[in-house]
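K.L.:
Take a look at the following structure, please.
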Amino acid sequence: QVQLVESGGGLVQPGGSLKLSCAASGRIFTLYYMAWHRQAPGKERELVAGVNKGGTTNYADSVKGRFTISVDNAWTTVYLHMSSLKPEDTAVYYCSALANGVSSWGQGTQVTVSA
């Protein structure tokens, strides 16, 4: 089992930047994919960005060129660097991890983009 704890959310003005962090603990040696998702009020949860053990990343079209996912060498922390933020990026952001075919989720962190 893998435990995930997100941090770094908050209120930011449109056009601003924010970095989210997700710390993994537990059976991290079995991890092979980590990702960020988000869920806005009244909407379904959607994949924002993901990275696998080989370093391949994938992004939602809506965040390409603005968001960057990265992970530390030990695969204990995954980051989401967000820039040029828009009001429509407002959501609860969740970290997820895939290990041995089992998905784990963090508790989420709120990101609000507003003037």
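The values are calculated or read from the model by the stated rules, or taken from the named source; none is laboratory data. Predicted model, so just to flag it, every value in this text is computed and none were measured. No Cβ is skipped: glycine too gets one built from the backbone with ideal geometry, and neighbour counts run over all protein chains shown. These accessible areas exclude ligands, DNA and RNA; they are computed on the full protein's heavy atoms, side chains included. Shrake-Rupley method; radii C 1.70, N 1.55, O 1.52, S 1.80 Å.
K.L.:
I want to confirm something. Restricting to segment 25-43 and keeping residues that are more than 16 Å from VAL63 (Cβ to Cβ) and of a type outside the set (A, V, I, L, M, F, W, C), which single residue is surrounded by the fewest Cβ atoms within 10 Å (Cβ to Cβ)?
P.N.:
Residue satisfying both the conditions and the ranking: GLY42.
K.L.:
Right, next: Would you mind finding the one in ALA23, ALA49, ALA35 that is touching a helix residue (DSSP H, G or I) at 6+ places or on another chain (Cβ under 7 Å), under 20 Å from SER103 (Cα atoms), touching a residue at least 24 places away in the same chain (Cβ under 8 Å) and part of a strand (DSSP E or B)?
P.N.:
The match here is ALA49.
K.L.:
While we're on this one: Give all pairs with beta carbons closer than 8 Å in which a residue from segment 71-83 that is more than 17 Å from ALA60 (Cβ to Cβ) and touching a residue at least 24 places away in the same chain (Cβ under 8 Å) meets a residue that is loosely packed, with under 14 Cβ neighbours inside 10 Å and of a type in the set (Ser, Thr, Tyr); count only pairs at least 6 apart in sequence or on separate chains.
P.N.:
Hits for this filter: THR76/SER25.
K.L.:
Restricting attention to segment 92-111, does a residue exist that is exposed (fewer than 14 other Cβ atoms within 10 Å of the Cβ) and modelled with pLDDT of 95 or more?
P.N.:
Yes, that holds for at least one residue.
K.L.:
Against the definition (part of a strand (DSSP E or B), more than 19 Å from GLY42 (Cβ to Cβ) and not charged (D, E, K, R)), how does VAL92 come out, yes or no?
P.N.:
For VAL92, the condition - part of a strand (DSSP E or B), more than 19 Å from GLY42 (Cβ to Cβ) and not charged (D, E, K, R) - is not met.
K.L.:
If you check THR56 against the conditions, is it over 14 Å from the mean Cα position of the chain (by Cα), open to solvent by 60 Å² or more (accessible area, probe 1.4 Å) and of a type outside the set (A, V, I, L, M, F, W, C)?
P.N.:
yes
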